[in-house]
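Here the structure is laid out as structure tokens; the discussion comes afterwards.
The values are calculated or read from the model by the stated rules, or taken from the named source; none is laboratory data. All values derive from a computational prediction rather than experimental measurement. Neighbour counts are summed over all protein chains in view; Cβ atoms, including those assigned to glycine, are modelled from backbone coordinates with ideal geometry. Just so you know, the surface numbers come from the protein's heavy atoms only, side chains and all, with ligands and any DNA or RNA stripped out. Shrake-Rupley method; radii C 1.70, N 1.55, O 1.52, S 1.80 Å.
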Amino acid sequence: MSRRITVSVAAGAVVLAGAGAAALAYAGDQPPALAHSTARYTAPAADRDGSLAFTTDVTAPSEVKSVKVLAWPANSSFATKGLTAKDMAGAESAVCTPSGGDKQRCTYNVAVTRTDAEGSPKGLWHLAVLVTAKDGDTTLDTKAADFTVV
């Protein structure tokens, strides 16, 4: 093999290795991300409780530490003042299970009694989600999914 080809191949390998290391470093610096978030609200009936079910896919390069979920009516004070991570401190936790690589499928389910439904504002509601990764990075999506209380 000629010396020029050997040098070119070696230089190409160094460039590819550097690009790979940069891609890994960039991926490691990413905050947690939500995808495919859905909410399903079922109103209670005379003979049974209703439910609220929320599902989302979370990607976190350093793994997921916690996922907090908070339902809030669109016409509440959060709509004007905004929702913060501090507001999420008392929110309930979702349950997460690995779904391949650095992804987890997180679900939150809660029963809705007739008393709960009667005491809740009617109309559009949002689900806020706070994801905390093991490295301390956080992502707050204040409107990860919507549902309607009738």
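Quick notes
- Considering (1) of a type in the set (A, V, I, L, M, F, W, C); (2) closer than 21 Å to D29 by Cβ; (3) more than 19 Å from the chain's Cα centre (by Cα), the lone condition that V67 does not fulfil carries the number (3).
- Residue pairs meeting the criteria (Cβ under 8 Å; at least 6 apart or on separate chains; first more than 12 Å from Q104 (Cα to Cα) and open to solvent by less than 30 Å² (accessible area, probe 1.4 Å), in region 45-62; second assigned to a strand (DSSP E or B) and small (G, A, S)): G50/A111; L52/A39; L52/A71; A53/A39; F54/S37; F54/A39; F54/A144; F54/A145
- Which listed residue is loosely packed, with under 13 Cβ neighbours inside 10 Å, out of contact with any Ser or Thr (no Cβ under 8 Å at 6 or more places or on another chain) and either modelled with pLDDT of 95 or more or not in a strand (DSSP E or B) (or both), from A35, A71, A25: A25
- Matching residues, region 74-115, being among the acidic types (D, E) and surrounded by fewer than 17 Cβ atoms within 10 Å (Cβ to Cβ): E92
- Residues satisfying the stated conditions in region 99-116, i.e. in contact with an Asp or Glu (Cβ under 9 Å, 6 or more places away or on another chain) and either over 26 Å from D47 (Cβ atoms) or not β-branched (V, I, T) (or both): S99, D102, K103, Q104, R105, C106, Y108, A111, R114, D116
- Among the residues of region 116-150, none is identified as crowded, with 18+ Cβ neighbours inside 10 Å and outside any strand (DSSP E or B).
- Filtered residue count, region 99-118, keeping only those that are among the basic types (K, R) and out of contact with any Ser or Thr (no Cβ under 8 Å at 6 or more places or on another chain): 1
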